[in-house]
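Taking it in order: structure first as structure tokens, then the write-up.
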Amino acid sequence: KAGVTQTPRYLIKTRGQQVTLSCSPISGHRSVSWYQQTPGQGLQFLFEYFSETQRNKGNFPGRFSGRQFSNSRSEMNVSTLELGDSALYLCASSLGTTRGGELFFGEGSRLTVL
Amino acid sequence: AQKVTQAQTEISVVEKEDVTLDCVYETRDTTYYLFWYKQPPSGELVFLIRRNSFDEQNEISGRYSWNFQKSTSSFNFTITASQVVDSAVYFCALILNQAGTALIFGKGTTLSVSS
């Protein structure tokens with residue numbers, strides 16, 4: 001069974017640019033969540049998509065956005081990049097139909113903003 | 001407010017030692033779920049255990065065991081006879097019943113096991 005796939009694994013951008021990260025969930029999973037991991041703030045929830053709808057959102061500025069496609073693949077976008085956006089972005093998939101269900105994480109996309 | 005505290009930032013042990021990772025959580029909700037995840041150098045978070053707030057039974061899985069105590073709001077994780085492969089960052093996390101997949105993570109404990 002294929003796991004959660006995130007692309008790209010590594011990328012470098014400069015301030016002011018925008019970036020799009022992709023996540024392919026486990027087959028059959030309809031929920032995709034995104035997390036940001038930084039040394040200072042740790043792991044923080046960005047948002048969750050379920051059946052192409054944003055179901056939950058963390059406390060991040062509007063520069064952070066996402067979407068989900070009909071095949072459950074998800075993308076997140078960060079516009080007008082800032083140095084503080086440098087982080088490991090983790091995607092997690094789950095069935096999404098049970099409360100407190102297990103999340104399966106990908107290896108992440110490591111973004112460096114110069 | 002909800003919060004997860006892992007007071008131990010780093011722990012170093014020698015192989016075959018037992019080690020306990022502490023986790024204390026805060027929530028006023030009565031229904032919630034607690035998790036432990038392991039993060040090896042590759043970056044992905046590996047699920048270890050899930051426990052709901054109504055199930056205080058301790059659990060053992062091989063060398064791993066978990067002690068959930070609602071009275072002290074703690075959900076501690078013990079590795080028995082540690083091995084070098086156990087070296088990783090371990091995260092304790094909390095989800096409220098109504099919060100979907102919005103995990104609230106602790107800051108993590110880095111465990112180093114030397115041979």
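The values are calculated or read from the model by the stated rules, or taken from the named source; none is laboratory data. Fair warning: this is a prediction, and the values are worked out from it, not measured in the lab. Here the Cβ is made from the backbone with ideal geometry for all residues, glycine too, and neighbour counts use every protein chain on show. Quick note on the areas: whole protein, heavy atoms, side chains included, nothing else; ligands and nucleic acids left out. Shrake-Rupley method; radii C 1.70, N 1.55, O 1.52, S 1.80 Å.
Couple of notes before you dig in:
- Some residue of the range A:3-14 being part of a loop (DSSP other than H, G, I, E, B), crowded, with 21+ Cβ neighbours inside 10 Å and within 14 Å of chain B (Cβ to nearest Cβ): yes
- Top-ranked residue in the range A:30-82 [being touching a Gly at 6+ places or on another chain (Cβ under 7 Å) and among the hydrophobic types (A, V, I, L, M, F, W, C); ranked as nearest to A:Gln18 (Cα to Cα)]: A:Leu81
- Of the strands (runs of 3 or more DSSP E) contained entirely in the range A:25-114, those carrying at least 1 residues that are buried (at least 22 other Cβ atoms within 10 Å of the Cβ) and free of Cβ contacts under 8 Å to residues at least 40 places away in the same chain fall at A:42-50, A:64-68.
- Contact map, the range B:87-107: residues that are without any contact (Cβ under 8 Å) to a residue 40 or more places away in the chain and among the hydrophobic types (A, V, I, L, M, F, W, C) paired with residues that are open to solvent by 10 Å² or more (accessible area, probe 1.4 Å) and in a loop (DSSP other than H, G, I, E, B), Cβ distance under 7 Å, separation 6+ or inter-chain. Pairs shown: B:Ala102/A:Gly58.
- B:Asn52 fulfils the conditions (1) without any contact (Cβ under 8 Å) to a residue 12 or more places away in the chain; (2) farther than 30 Å from A:Pro8 by Cα except for a single criterion, (1).
- Note on the range B:30-115: enclosed strands (runs of 3 or more DSSP E) holding 1 or more residues that are in contact with a Pro (Cβ under 6 Å, 6 or more places away or on another chain) and either more than 14 Å from chain A (Cβ to nearest Cβ) or open to solvent by less than 50 Å² (accessible area, probe 1.4 Å) (or both) are B:88-96.
- Considering the range A:48-72, and only residues there that are under 11 Å from the mean Cα position of the chain (by Cα) and more than 9 Å from every other protein chain (Cβ to nearest Cβ), the residue that is nearest to B:Thr101 (Cα to Cα) turns out to be A:Tyr49.
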